[in-house]
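**Student:** Dumping the structure here so I can ask a few things about it.
Quick note: the coordinates plus some simple rules give every number you see, no bench work behind them. Quantities reported herein were computed from a predicted structural model and do not represent experimental measurements. Here the Cβ is made from the backbone with ideal geometry for all residues, glycine too, and neighbour counts use every protein chain on show.
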Amino acid sequence: MSFANPESVLVAGASGGLARALGAELVRRNPQVQLLTVSRGAKEGFVGHSGSHEHLTTALDETASVDAAREFIAAQERLPDWVINCCGLLHTDTHGPEKSLEQCDDDWLLQSMQINVLTHLHLARALSPLLQRRSPMLWVSLSAKVGSIEDNRLGGWYSYRMSKAALNMLVKNLSIEWGRRVPGSCVVAIHPGTTDTELSKPFQANIPADKLYTPAQSAGRIVDVLEKLDAEDSGQLLFWDGSVLPW
Ligand SMILES: NC(=O)c1ccc[n+]([C@@H]2O[C@H](COP(=O)([O-])OP(=O)(O)OC[C@H]3O[C@@H](n4cnc5c(N)ncnc54)[C@H](OP(=O)(O)O)[C@@H]3O)[C@@H](O)[C@H]2O)c1
């Protein structure tokens with residue numbers, strides 16, 4: 001079963017650069033799609049959208065978001081066909097990727113884990129009791145290639161790498177648990193490619209212009225990949241072109 005032409009899509013972390021571009025791309029391809037958005041911020045509309053749009057304001061890094069998100073999803077007429085979780089953190093005003101062990105800071109590692117892992121765990125916990133055996137779902141976590149342990153040849157970026165590696169393990173576990181409970185479901189992590197958003201802004205200086213993608217470019221390529229997925233692809237870490245990356 002392919003996941004092309006979703007009728008309902010949930011986008012979490014909806015205010016982010018990639019999330020907004022993904023919402024716009026989904027609406028461009030499926031103007032009548034039912035959009036469910038979850039964000040710490042307010043609801044944002046999409047040009048050309050003629051379907052319904054429901055929004056939940058909640059901070060997915062907090063435990064209370066599990067109940068809030070579950071209530072929100074349960075109140076909809078149907079479960080989403082796709083769930084795309086875009087939450088992630090690379091830097092704040094005071095912290096960023098570490099070049100060496102000396103720069104590591106406990107609080108920053110914990111904050112990285114909270115945003116890069118718990119935001120995905122909480123949404124999965126919200127959805128889990130609502131899953132229906134006969135309604136296979138596509139779950140996508142935006143992760144990062146630097147979270148691949150096998151692919152790590154440069155070192156550094158301790159907190160981001162460790163938290164994305166933990167997210168990758170969450171995705172793998174989820175693919176196994178939901179694969180048993182809901183045959184036909186597909187759970188993947190995807191690396192969007194280096195995209196011009198707030199998250200990558202401070203690190204763009206050394207990136208060749210042809211390797212820094214616009215949010216619209218990345219969103220188009222991610223949706224291309226998602227439309228072609230089926231249950232057999234579950235449990236993979238994917239590159240933005242659909243190829244498989246090592247965990
Ligand atoms: N841009 C890139 O080059 C790149 C490369 C590889 C991987 N990625 C991954 O792609 C995803 C989207 O990134 P982006 O580039 O779109 O970044 P962004 O514009 O900074 O968006 C970050 C997202 O994370 C959420 N978030 C941030 N802090 C949070 C917090 N304290 N609690 C809950 N949610 C929080 C925001 O959701 P709210 O709507 O709730 O504010 C927002 O959607 C991330 O997982 C990132 O790691 C990006």
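**Student:** Whats the longest run of the chain with zero GluC sites (Glu not before Pro) that are DSSP loop and have at most 11 other Cβ atoms within 10 Å? Each step should come with its number before you reach the end.
**Tutor:** Details: sites that count: 77, 150, 198.
So the longest stretch without any such site is 1-76.
**Student:** What angle do you read, to the nearest 10 degrees and between 0 and 90, between the alpha-carbon axis of helix 17-29 and the longest principal axis of the chain?
**Tutor:** Here the helix axis deviates by roughly 30 degrees.
**Student:** Once you have the Cα-Cα distance between residue 224 and residue 154, take 0.36 nm times their residue separation minus that, and quote the gain in nm to one decimal. Before the final figure, lay out the partial values.
**Tutor:** Numbers: separation 70, 0.36 × 70 = 25.20 nm, distance 2.98 nm.
Extending this stretch completely gives an extra 22.2 nm.
**Student:** Over all directions, how big on average is the projection of the convex hull of the alpha-carbon atoms in the range 149-247, in square nanometres? Show your work: numbers first, answer last.
**Tutor:** Working: hull surface 28.1 nm².
Approximately 7.0 nm², given one-decimal rounding.
**Student:** Which listed residue (121, 12, 75) has the Cα farthest towards the positive end of the charge dipole for the range 11-154, taking +1 on Lys and Arg C-beta and -1 on Asp and Glu C-beta about the Cα centre?
**Tutor:** 75
**Student:** Also, I was wondering about something else. Given the Cα-Cα distance of residue 207 and residue 64 and 0.36 nm per residue of separation, how much length would full extension add, in nm? Don't skip to the answer; put the middle values down first.
**Tutor:** Values: separation 143, 0.36 × 143 = 51.48 nm, distance 3.88 nm.
Length gained between residue 207 and residue 64: 47.6 nm.
**Student:** Provide the gained length on full extension for the span residue 130 to residue 7, in nm with one decimal, where the gain is 0.36 nm per separating residue minus the Cα-Cα distance. List each step's numbers first, then the result.
**Tutor:** On the way: separation 123, 0.36 × 123 = 44.28 nm, distance 1.75 nm.
Extending this stretch completely gives an extra 42.5 nm.
**Student:** Taking the mean number of other Cβ atoms within 10 Å as a proxy for protection, how do you rank 178-185, 137-144 from highest to lowest? Don't jump to the answer; show the numbers that get you there.
**Tutor:** Working: 178-185: 16.1, 137-144: 25.5.
Highest to lowest by the protection proxy: 137-144, 178-185.
**Student:** Can I ask one more? Just to be sure I understand the model, the point goes 7 Å from the Cα along the line to the Cβ. What's the resulting residue 214 to residue 44 distance in nm?
**Tutor:** Each label point is offset 7 Å from its Cα along the Cβ direction, giving 1.6 nm.
**Student:** Given only helices, namely DSSP H runs of n ≥ 4 each adding -39500 (n - 2.57), what is the per-residue ellipticity at 222 nm of the chain, to the nearest 500 deg cm²/dmol? Intermediate values should be presented prior to the final figure.
**Tutor:** Values: 6 runs with 79 residues, N = 247.
The per-residue figure over the chain is -10000 deg cm²/dmol.
**Student:** Which listed residue (218, 197, 137) has the Cα farthest towards the positive end of the charge dipole for the chain, taking +1 on Lys and Arg C-beta and -1 on Asp and Glu C-beta about the Cα centre?
**Tutor:** Farthest along the dipole direction, towards plus: 137.
**Student:** About its Cα centre, what dipole magnitude does the range 107-247 give when the only charges are +1 on Lys and Arg Cβ and -1 on Asp and Glu Cβ, stated in debye to the nearest 20?
**Tutor:** On the way: 14 positive and 13 negative charges, 81 e Å.
Dipole about the Cα centre, nearest 20: 380 debye.
**Student:** For residue 11, which sequence-distant residues (separation of 5 or more, or a different chain) have an amide H within less than 5 Å of its own amide H, given hydrogens modelled in the peptide plane?
**Tutor:** 36, 37, 38, 84
**Student:** Which value, in debye to the nearest 20, gives the size of the charge dipole of the chain about its Cα centre, when Lys and Arg are +1 and Asp and Glu are -1 at the Cβ? Intermediate results must be reported in sequence, preceding the final value.
**Tutor:** Details: 22 positive and 28 negative charges, 93 e Å.
Once rounded to the nearest 20, the dipole reads 440 debye.
**Student:** Using alpha carbons only, what's the Rg to Rh ratio of the chain with Rh from Kirkwood?
**Tutor:** 0.94
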